[in-house]
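Novice: Okay, here's the structure, questions in a sec.
The values are calculated or read from the model by the stated rules, or taken from the named source; none is laboratory data. None of these values were measured; they are calculated from a predicted model. Quick reminder, even Gly has a Cβ in these numbers, built from the backbone with ideal geometry, and neighbours come from all protein chains shown. Protein only, heavy atoms only, side chains kept; ligands, DNA and RNA dropped before computing areas. Shrake-Rupley method; radii C 1.70, N 1.55, O 1.52, S 1.80 Å.
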Amino acid sequence: MSDHLPDLPDGYEISTDAARLDVGLVHRWLSEDAYWALGRSRQKQEDAIAHSLNFGLYDQASGAQLAYARVVTDRATFAWLCDVYVDPGARGKGLGGALVDAVCAHLEPYGLRRVMLATADAHAVYARSGFEPLATPEKWMALGEQ
């Protein structure tokens, strides 16, 4: 994946290098401020990072991480986009949408049949990247917390 995408606002870059992630920051964002991950343990977050495709969005000047997303995928048929988070101080600049677009562009060569996600409040962000509500939600089931 290119670290700089044409549709990414100037001064920012996206990387899939997990070693570059500020794991403590990602854990704090998710476990303290993300409704879907409140209370997630540091170990659970480290395990999730280790077994996922990770995307960090960074300020080019300072190198500070400003956003995060991860994808659970077999890289053949299916992917689950999750843990998309933009630092509150960096919101409103189009970074969340740019991050989602970068994830989709990265996944495109795999020829996946389906990329799924769940959101309670960011439908418009994902719709701009082509996500739609399930056409047949009655076909879908879940095991575990809902």
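Novice: Over the chain, what percent of the accessible surface lies on carbon and sulfur atoms, probe 1.4 Å?
Specialist: Details: 4390 of 8460 Å².
Carbon and sulfur atoms account for 52 percent of the accessible area of the chain.
Novice: For the stretch 22-94, what does the accessible surface come to per residue with a 1.4 Å probe? Please give it in Å².
Specialist: Working: 3520 Å² over 73 residues.
For the stretch 22-94, the solvent-accessible area averages 48 Å² per residue.
Novice: Net charge near TYR35: determine it from the other residues with C-beta under 14 Å of the C-beta of TYR35, scoring Lys and Arg +1 and Asp and Glu -1. All intermediate terms of the calculation are to be shown ahead of the outcome.
Specialist: On the way: positive: ARG40; negative: GLU32, ASP33, ASP83, ASP121, GLU145.
It works out to a net charge of -4.
Novice: Separate question: Compute, for TRP36, the solvent-accessible surface of its heavy atoms (probe 1.4 Å) with the complete set of protein chains present, and express it in square angstrom to the nearest 10.
Specialist: For TRP36, solvent-accessible area is about 100 Å².
Novice: Counting only helical runs of four or more DSSP H residues, what would the 222 nm mean residue ellipticity of the chain come to if each run contributes -39,500 (n - 2.57) and the total is spread over all its residues? List each step's numbers first, then the result.
Specialist: Values: 4 runs with 38 residues, N = 146.
Result for the chain: -7500 deg cm²/dmol, rounded to the nearest 500.
Novice: Write out the trypsin sites (Lys or Arg not before Pro) in the stretch 62-136 meeting two conditions: DSSP loop, and at most 16 other Cβ atoms within 10 Å of their Cβ.
Specialist: Details: sites: ARG70, ARG75, ARG91, LYS93, ARG113, ARG114, ARG128; in loops: ARG75, ARG91, LYS93, ARG113, ARG128.
The qualifying sites are ARG75, ARG91, LYS93, ARG113, ARG128.
Novice: Shifting gears a bit: Over all directions, the average projected area of the alpha-carbon convex hull for the stretch 1-71 comes to how many nm²? Each step should come with its number before you reach the end.
Specialist: Working: hull surface 19.9 nm².
That works out to 5.0 nm².
Novice: Out of VAL72, GLY96, TYR58, whose Cα points farthest toward the positive end of the dipole of the chain (charges: +1 Lys, Arg; -1 Asp, Glu; placed on Cβ)?
Specialist: VAL72
Novice: Taking the Cβ of ALA64 as the centre, find all other residues whose Cβ is under 12 Å away and add up their charges (Lys, Arg: +1; Asp, Glu: -1).
Specialist: Details: positive: ARG20; negative: GLU13, ASP22, ASP59, ASP87.
Charge balance near ALA64 sits at -3.
Novice: Still on this model: Dipole size in debye (nearest 20) for the stretch 27-120 around its Cα centre, Lys and Arg Cβ +1, Asp and Glu Cβ -1? Please report the intermediate quantities before stating the final value.
Specialist: Numbers: 10 positive and 10 negative charges, 34 e Å.
Dipole of the stretch 27-120, to the nearest 20 debye: 160 debye.
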